[in-house]
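The values are calculated or read from the model by the stated rules, or taken from the named source; none is laboratory data. Since we're looking at a predicted model, the values are computed, not measured. Cβ placement follows ideal geometry from the backbone for every residue including glycine, while neighbour counts extend to all protein chains displayed. To get the accessible areas, we keep the full protein, side chains included, count just its heavy atoms, and leave off ligands, DNA and RNA. Shrake-Rupley method; radii C 1.70, N 1.55, O 1.52, S 1.80 Å.
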Amino acid sequence: MYTIYSKPNCSFCLQAKQLLEMEELPFEYLQLGTHYSLDELMTLAPHAKSFPQVFKDGECIGGYHDLVESLNKGY
């Protein structure tokens, strides 16, 4: 199961969501300020510098481009 930590008005966040929908992969889409705080995200992904932050089964994959790369590799 994937989890996307997004922020409002983020085009890469929406692209990550659309990609997982297109691939028919299960995911949870969480939005900053509604579902989590920045402090909570920094606890989960202390090196995160951009949005979205994508996790698979609790493991941080990284941002949108990292998600694309991991899907291409069959992660």
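Scanning segment 15-33 for residues that are open to solvent by less than 100 Å² (accessible area, probe 1.4 Å) and farther than 17 Å from E59 by Cα returns Q15, K17, L19, E21, E23, Q31, L32, G33. With respect to the conditions (1) of a type outside the set (S, T, Y); (2) in contact with a Phe, Trp or Tyr (Cβ under 9 Å, 6 or more places away or on another chain); (3) surrounded by fewer than 12 Cβ atoms within 10 Å (Cβ to Cβ), H65 lacks only one, and its number is (3). Only residues that are without any contact (Cβ under 8 Å) to a residue 12 or more places away in the chain and open to solvent by 60 Å² or more (accessible area, probe 1.4 Å) were counted in segment 34-44, giving 7. Going through (1) touching a residue at least 40 places away in the same chain (Cβ under 8 Å); (2) hydrophobic (A, V, I, L, M, F, W, C); (3) surrounded by fewer than 16 Cβ atoms within 10 Å (Cβ to Cβ) one by one, F12 falls short only on (3).
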